[in-house]
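Report on the structure given below.
Coordinate-derived values only; no laboratory data. All figures in this text were calculated on a predicted structure; none of them were measured in a lab.
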Amino acid sequence: MSEIKTLNGYKLVDETARTEAKANAEAIAAIRQKIDRQNPLLTEKQMAAAKRFAGAFSNVTGSAESFLFFADPHFSGSQNVSDRFGPWLNQIAAVYNQTPTSMCVCAGDWLNNSNTRENACWQLGLIDGALKSRFDKYISILGNHDTNYQGYEYIQSGIEDKNYDRNECSKCQLSNEAIRALWYRRQGNAYFAVDGDCTRFYVFDSGLDWYDDMTEYRWKQVQWFAQSLLTEKPERAAILMHIATAPFANAVLQIASAYNARMAIVVHGSPYDFSDAEGVVGFALGGHEHYDYSFVRHGIPVILTANLSGRDDQPRFDLVLVDWGGKKIHLTRVGDGEDRTIELAEKQ
């Protein structure tokens, strides 16, 4: 620091000292801005939601599962990625890191329309890296758009939206091998089982919405689910899939219902007897429809959540508390929307 001079009783700092002080202040401000960007503070509404969510734990009566859940981000294009992808994930991560949640779950459809296959792969890789850097545990469910099924080559073919052609669609759709190598290299498939704190989650690849027929790939998943329940006999289980309203989802829910009812069932020609089952498949979560909705099918509550982009131009998502003892699932809404409490399925 330069020497402080005096003039007529007043202390003066020479220009060099002023410059140094300004540079130090700017450096400190830059560091603070960087910290704020990486660890954004919660807004008042987000903080209020976090408090409501944490407060619900006071009424838990047994084993509980808690996680953050959102659906249908539909990030696409360089502008959208730069404007929303990073900042919104930072907000979600800030809520995640300031609430009693154990993992982050996305119900699928990260992508949108009109990508080339190469660009779709780049974006899926970007998403995977962004999730790894922000969440210590996350589950990415495969959405129909994540397969790039409305990619550039398909749009260029000139086919009208209501005249879907599987051969044309396959020209731009990513293969199962490509998606597995990008996202599911550890699990081995786009359908898999993963453990939460006290829940066995069965994750499915529901496929395209254009074609809802029961393909061999879909039957393979249904049989895998039935065999897994038969072998593992989970005490508490749940279903995660992007499209939970199609015939494929109905077949999955029938298996869950048979498990809960301790019944035998034939799946695609193969018998499965759940008479000595020990647990319950409590609920199913999904997205795709872009609005909040819930219904019961085959005795299993199916809960859909709205797309990530809310009316207030802020991300909207749910903080989920599964109170297995109280037989309820609580969804606390962060952003646009309402909180929900839904009864879990029970053993029959």
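Below are the figures for this structure:
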item: Part-to-part distance (alpha-carbon centres) for segment 194-263 and segment 270-348, which is given in Å; result: 14 Å
item: Listed pairs LYS51/LYS137; LYS22/LYS137; LYS132/LYS347; LYS220/LYS347; LYS137/LYS328; LYS45/LYS328 exceeding 31 Å between Cα atoms; result: LYS22/LYS137; LYS132/LYS347
item: Matching label, Cα extents along the principal axes in Å computed from the structure shown, candidates [x] 112, 43, 43; [y] 101, 57, 35; [z] 62, 54, 49; result: [y]
item: Among ASN119, ASN148, ASN167: highest mean-square fluctuation, GNM of the chain, C-alpha pairs under 10 Å; result: ASN167
item: Residue-averaged [θ]222 nm for the chain, counting only DSSP H segments that reach four residues, each worth -39500 (n - 2.57); result: -10500 deg cm²/dmol
item: Degrees between helix 86-96 axis and first principal axis of the chain (Cα, 0 to 90, nearest 10); result: 80 degrees
